[in-house]
Amino acid sequence: MADREVAIIVGVGSGLSAALARLCAKEGMAVALAARNTDKLIGLVRETGAMAVACDASQPADVDRLFATVADTLGAPSLVVFNASRRVRGPITELDPAEVRESLMTTGYAGFLVGRAAARAMLPDGKAMGNGSILFTGASASVKGYPQSAPFAMGKFALRGLAQSMARELAPKNIHVAHVVIDGGIRQGGDDPRGPQRGVDGLLEPDALARAYLDLHRQHRSTWSWELELRPWVESF
């Protein structure tokens, strides 16, 4: 088990996270999938051999339990991917404060909890040097706020700041922290691969996204990236 890489993916759905789980399993990694509702992961668990852990990433006790369970069952993680988010839309004058708070808890605060737990797992016993990659999934809203989407931008801006700060702190300790800006729609199972009136490859392909994440994880430390932008070739930016 010690020679086998362990990947933890937090906020697992049917798109990017599922593709990443399949790729990591194919590459020989032991995979742990974390989501609030693990019933939706039954098929993916069966397909990949991953373990599923129920976890609300905005709750410190849940995050601590997730990492303790993975450590006891699979070993210390070498790759942790935070992919949880919650989108709330509407005019700024009409947004529900409770929903906005929940959005920020699911994105920025949960990202902090997972990032902290990952760093602790990769720096055991207060060692000066660790090992592993911590990757955060952002969006175009991480770098520019859109009309009627303030809560999503607030959460994603916070996540980007977290990643940037952690990257500067942990890179000298041999832990690679990076933020991935996903700029565009991700193709789901039944979507037309041409995308919405954009032609062929107008949507981001989940398998191609997963490969980009794995390549980021495997970058040589002499050429580490702290941020990667991924978008369809026809996406304006």
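What to note about this one:
- The residue that is farthest from the chain's Cα centre (by Cα), counting only those in region 77-119 that are closer than 14 Å to PRO151 by Cβ and among the polar types (S, T, N, Q), is THR93.
- Pair list, Cβ under 9 Å, 6 or more apart: region 220-237 residue under 13 Å from ALA178 (Cα atoms), other residue open to solvent by 90 Å² or more (accessible area, probe 1.4 Å) and at pLDDT below 90: GLU229/PHE237
- Options ARG187, ARG198; residue that is in contact with an Asp or Glu (Cβ under 7 Å, 6 or more places away or on another chain), more than 12 Å from LEU135 (Cα to Cα) and modelled with pLDDT under 95: ARG187
- Among the residues making up region 114-129, none is surrounded by 17 or more Cβ atoms within 10 Å (Cβ to Cβ) and modelled with pLDDT under 90.
- Residues (under 23 Å from GLY111 (Cβ atoms) and more than 14 Å from the chain's Cα centre (by Cα)) located in region 32-54: ARG36, ASN37, THR38, LYS40, LEU41, LEU44, ALA50, MET51, ALA52, VAL53, ALA54
- Leading residue by the ranking (most open to solvent (accessible area, probe 1.4 Å)) among those in region 131-190 that are among the basic types (Lys, Arg) and not in a loop (DSSP other than H, G, I, E, B): ARG168
- Reported count of residues in region 89-111, each being closer than 30 Å to ILE175 by Cα, of a type in the set (Ser, Thr, Tyr) and open to solvent by 20 Å² or more (accessible area, probe 1.4 Å), is 1.
The values are calculated or read from the model by the stated rules, or taken from the named source; none is laboratory data. Computed from a predicted structure; not experimentally measured. Counting neighbours? That spans all protein chains shown, and the Cβs are built from the backbone with ideal geometry, glycine included. Just so you know, the surface numbers come from the protein's heavy atoms only, side chains and all, with ligands and any DNA or RNA stripped out. Shrake-Rupley method; radii C 1.70, N 1.55, O 1.52, S 1.80 Å.
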